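Scroll down for the structure; my scribbles are underneath it.
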Amino acid sequence: MSWRDFWNGEHAIYVSPRHKALHYRRIAKDIVSQIPSPDAAVLDVGCGEALSADLVARACGKLYLCEAAPNVREKLRAMFGHLGNVAVMSSEEVEALPDAALDLVVANSLIQYLGRDELAALLRLWKAKLRPGGRLVLADVIPPDVSPLTDASQLLAFGWRGGFLGAALAGLVRTAFSDYRKLRAQYGLSTHTAEGITALIAQAGFEAIERVPNFGHNPQRMAFRARREG
Ligand SMILES: C[S@@+](CC[C@H](N)C(=O)[O-])C[C@H]1O[C@@H](n2cnc3c(N)ncnc32)[C@H](O)[C@@H]1O
């Protein structure tokens, strides 16, 4: 099994429906906080099920939801297909967008699943699709020194605050025996230092790169915002 198969299949990465709903609502609010204007064209790459994408769609002119997993794209179309300003697309369809069409590209909790060359190629693609001055936000970037135990304790803290602590505890036990843990052990997750990811973003043609508060519930991970040169 690869990461791609994992995301395309049924998985228990969210410990309960409440966890999933609270997670996606928080991510949607964090994305909305980055939208530069009500008519902005926004691309959310590796959006997952994006359960609160309607909140993002309401705050911008056009929302492109890009998801590699075909089964997830089907769910997204079923949930958001009726919204006139939402388009669900594959990675290949993003390549076919006109250049300089976007005002904001966000990728939350994506780049840990990408190799260095794959990430470099995507950064170049996003640069081409952003208008000059458009913004890129990479969030939930994992620094090298964060252990799975830190992720676990952040999940428990989120569960405590969000009223799903019991489900979080049960979920951690399930994860210990899950495909996720096996894949994480087999392939690892890509980690980045702040300096390393800043250099990669700069090499792709972005400027004014700055660290911003992370999206979501885990402040141990990092987020970066950058402006497309031009
Ligand atoms: C950890 S989930 C994050 C989902 C969502 N962004 C969030 O914050 O909850 C990663 C998602 O990225 C998708 N993905 C992985 N590689 C991708 C790529 N190259 N292009 C688009 N989506 C990708 C996976 O299928 C998966 O749904």
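Each reported figure results from applying straightforward, stated rules to the coordinates on display, with no laboratory input. Nothing here was measured: the structure is a model prediction, and the numbers come from that model. Virtual Cβ from ideal backbone geometry, glycine too; neighbours counted across all protein chains shown.
How long are the three semi-axes of the equivalent ellipsoid of segment 129-230, in whole Å, if each is the root of 5 times an eigenvalue of the C-alpha gyration tensor, listed from largest down?
Square roots of five times the eigenvalues give 32, 16, 11 Å.
Taking the Cβ of each residue in 14, 187 as the centre, tally the other Cβ atoms inside 10 Å and list the residues starting with the fewest.
187, 14
With unit charges on the beta carbon (Lys/Arg positive, Asp/Glu negative), name the residue among 215, 167, 65 whose Cα is farthest towards the positive pole of the charge dipole of the chain.
Comparing the listed Cα positions along the dipole, 167 ranks first.
Kindly list the residues of segment 83-108 that lie in the label zone of residue 37, defined by a backbone N under 18 Å from the point 7 Å along the Cα-to-C-beta vector.
Inside the label zone: 100-105.
Express in nm, to one decimal, how much length is gained between residue 194 and residue 95 on full extension, taking 0.36 nm for each residue of separation and deducting their alpha carbon distance.
So the extension gain works out to 32.9 nm.
Within the chain, what percent of beta bridges assigned by DSSP are antiparallel, to the nearest 5?
The antiparallel fraction comes to roughly 35 percent.
Please check: in the Gaussian network model of the chain (C-alpha springs, under 10 Å), which one of 140, 179, 44 has the largest mean-square fluctuation.
Looking only at 140, 179, 44, the biggest GNM fluctuation is shown by 179.
Zone of residue 165 (label point 7 Å along Cα→Cβ, backbone N under 19 Å): which residues in segment 1-30?
Within reach of a label on residue 165: 15-20, 22-23.
Roughly what would the spin-label model give for residue 21 and residue 121, points 7 Å off Cα along C-beta, in nm?
Here the modelled spin labels are 3.9 nm apart.
In Å and from the alpha-carbon atoms only, list the Rg and Dmax of the chain.
17.0, 50
Between the helical axis of 116-129 and the dominant principal axis of the chain, each derived from Cα atoms, what acute angle in degrees is found, rounded to the nearest 10?
40 degrees
How big is the dipole moment of segment 3-228 about its Cα centre under a simple scheme where the beta carbon of each Lys and Arg is +1, that of each Asp and Glu is -1, and everything else is neutral? Debye, nearest 20, please.
My answer is approximately 480 debye.
Give the Debye-formula value of log10 I(q)/I(0) at each listed q (0.11 Å⁻¹), with one equal scatterer per alpha carbon of segment 8-78, two decimals each.
Values returned for q = 0.11 Å⁻¹ are -0.27.
Round to a whole angstrom and tell me the spacing of the C-alpha centers of segment 37-66 and segment 170-216.
22 Å
Roughly what percent of Cα-Cα pairs across segment 188-230 reach past 15 Å?
45 percent
In sequence order, what are the phi-derived ³J(HN,Hα) couplings for segment 8-13 according to the Karplus relation 6.51 cos²θ - 1.76 cosθ + 1.60 with θ = phi - 60°, rounded to whole Hz, with x for glycine and proline?
6, x, 7, 9, 10, 5
What 222 nm value per residue comes from the helices of the chain, counting each DSSP H run with n ≥ 4 as -39,500 (n - 2.57) and dividing by all residues, nearest 500 deg cm²/dmol?
-13500 deg cm²/dmol
So which residue, out of 149, 110, 122, gets the largest mean-square fluctuation from a GNM of the chain using Cα contacts under 10 Å as springs?
It is 149.
Which order results if 173, 105 are arranged by neighbouring Cβ count within 10 Å, fewest first?
Going from sparsest to densest Cβ surroundings: 173, 105.
Give the order of 126, 3, 160 when sorted by the count of other beta carbons within 10 angstrom, beginning with the fewest.
160, 3, 126
Give the lysines whose C-alpha is closer than 20 Å to that of residue 129, dropping any in the same chain fewer than 8 places away, or say none.
Filter leaves 62.
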